[in-house]
1. Kindly indicate whether B:Thr279 is more than 25 Å from A:Thr262 (Cα to Cα) and hydroxyl-bearing (Ser, Thr, Tyr).
2. Does segment A:321-331 include one or more residues that are crowded, with 21+ Cβ neighbours inside 10 Å and at the interface with chain B (Cβ under 10 Å from one of its Cβ atoms)?
3. Of all residues in segment A:107-122, how many are outside any strand (DSSP E or B) and within 14 Å of chain B (Cβ to nearest Cβ)?
4. From A:Ala173, A:Ala129, grab the single residue that is surrounded by fewer than 19 Cβ atoms within 10 Å (Cβ to Cβ), among the small types (Gly, Ala, Ser), out of contact with any Asp or Glu (no Cβ under 9 Å at 6 or more places or on another chain) and within 19 Å of A:Lys206 (Cα to Cα).
5. If you scan segment A:63-82, which residues turn out to be over 12 Å from A:Pro41 (Cα atoms) and surrounded by 17 or more Cβ atoms within 10 Å (Cβ to Cβ)?
6. For segment B:111-140, which residues satisfy the criterion of being buried (at least 23 other Cβ atoms within 10 Å of the Cβ) and facing chain A (nearest Cβ under 9 Å)?
7. Within segment A:1-55, can you find the residues that are among the β-branched types (Val, Ile, Thr) and farther than 24 Å from A:Ile179 by Cα?
8. Only residues that are crowded, with 24+ Cβ neighbours inside 10 Å, in a helix (DSSP H, G or I) and touching a Lys or Arg at 6+ places or on another chain (Cβ under 9 Å): list them for segment B:159-179, please.
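The values are calculated or read from the model by the stated rules, or taken from the named source; none is laboratory data. This structure is a prediction, so every number in the text was calculated from the model and none was measured. So basically every Cβ, Gly included, is an ideal-geometry build from the backbone, and we count neighbours across all protein chains shown.
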Amino acid sequence: MRLYEYEGKNIFSRYDIPVPKGSVASSVEEVVKKISEIGLPAVLKAQVLVGGRGKAGGIKLVRNIEEAKHVSEHLFKTGVKGVPVKKILVEEAVNIIKEYYISLTIDRSLRKYVYLVSSEGGVDIEEIAASKPEAIHKIYIDPLVGLRDYHLRRVAESLNLDPENSKKIQIIAKGLYKIMTDYDADLVEINPLALTDKGLIALDSKITIDDNALFRHKDLEESLSADPREFTEEEVIAKKHGFSYVSLEGDIGIIGNGAGLTMATLDLVAHFGGKPANFLDIGGGASAERVKAALSLLLRDKRIKAVFINVYGGITRCDEVARGIISALEETGIRKPLVVRLVGTREEEGRKILEEAGINYFINDDEAAEHVVELVKNL
Amino acid sequence: MAIIVDRNTRVVVQGITGKEGSFHTEAMLRYGTKIVAGVTPGKEGMKVAGIPVYNTVAKAVRNHPEINTSIIFVPAPFAPDAVYEAIDAGIKVIVVITEGIPVHDEIKMINYARSKGVIVVGPNCPGVISPGERVKVGIMPERSFGPGNIGVVSRSGTLTYEISEALLKTGFGHSTVIGIGGDPVTGLDFIDVVEMFFKDPETKGIVVIGEIGGDAEERLADHIKKTGLRKPIIAFIAGKTAPPGKRMGHAGAIITMGMGSAESKIKAFESIGIPVASTPMQIADLAKKYFSDK
């Protein structure tokens, strides 16, 4: 779960991380009111969770009220990169002397927390990593040891700051660690961390919460169900039914069981020249009910021309899958070419159910994938 | 011999009275696994499939000192506790089936386990099976596996069954098949397991099944570049069509910060002479080519 910039900055303030003076507005009138409190010039920042927000026109400096009205009206009306804008963060403009980068995340392979620190802030960390990897300093924290003062001194040392800002960066880094552990975050990022005439200030915030830990953050869980944020409507439906779904660009609907097999199924379709429309993993031991919900979702999706179901039954039973397929067809009344590959637990029973309904099935998944791609080509 | 689990494996099932725990206890017993005790707090005195249930792992171990392995079916919020309890009771192999454990808990419990010399398989994994020894500590279906000389290590479940069965049908059985788990952080990584297979005299060839996210595959490639390819390895990588920034089912299957693409992993493997199959079924062809004289 990603937090909005303003949510992250509210958290920053509570953890002694300086942020620009500002607050969030939901209408043009509110924007004007906030500016009268903060003063001009001001920065208007669309609160959307898309990459490249600044380049897409989601961040604007305004010098007078007319301009502020015009910009906020436009943002509320048109959104950013197709994502509607519900809130705009109104902030004081600051004088930037230099931009730094700092984040705390988890190094998966080393199983440690790691600070990533760089004097080359303001651009994406991916860009720094690609163009100048030596400019990123990494300070690791063993989770059994926890954060110690020497970690903080090493963070400060890597940025060559003057003594006063060295102290400040240590307070900021300590705040990041506390946020990371208090909120079960898997990333807490400040980019840019700006050196201004008023000292170090976090000009942006990026916090992502570990979805697996939401059960101990009920307030976040509730806020996510009220506003699904980066998740699409289909992804929300999928979550409700206990399967995972990701929307893609193509026209062949995919259902698989198990994340690895489902990914491999997408790749297989692409391998034969087809374009998968989605990733949909029904998970282990799926009931007929869950299969029905999954297939119905794809049948109702107008982009999808044919559906390829690839199931290897372990805990999942082929007869349950077959029953789910039949009831999705009955319930939606929508007919699209279906290619089913079904092997494993109770495959005979499953195939019998499909045969009786006149649905073809395959045993070899290469053949099945090739077939569905041909089908769609000839539609 | 096989790795991690063999005929000397004696198992305690943590979370034995739950739906999954009891179902898979019966399936493991049918396969031949020696399960000697179960643990569910508050259920001491019960029996599941004839196996006595205890309130604590410590008591299970006291009454059955032969226990050397645990399998955990405990729900995610309580699973870290179960892992610490098993470690502190002196168990040396812990298989964590549970999906959805918070990553902060995972890094702590895995570091603790490793500091005590304990092997954690998982979390969020199908477990381990050594068909020649008739032992599985996991949830995989029997039909995909048979005795032989190929070691399989994977980040996924069903895809592993699929590829293992394709190998079996081509005449290649398995020494041990292990799913290390689909979470961002796992107890064992590819380097750990491939090293075990290199040392296992029964294993003649190795299949590595990777997927997008993280750099476990790239690290394995680096490791082999430095230490040498001591047995033939073939591989498959899932997720070539996955877009960046999206979690593909597994918590760990996500391309972030420019890292973890299938392309990078395939390149890393091919650069050190590990062939990568372009479809799961093609693994069988690669096996014929690379493992046949073994």
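1. The answer is no for B:Thr279.
2. no
3. 4
4. The match here is A:Ala129.
5. Selection gives A:Val71, A:Ser72, A:Leu75, A:Phe76, A:Gly79, A:Val80.
6. B:Pro126, B:Ile139, B:Met140
7. Result: A:Val28, A:Val31, A:Val32, A:Ile35, A:Ile38, A:Val43.
8. Scanning segment B:159-179 gives a single hit, B:Tyr161.
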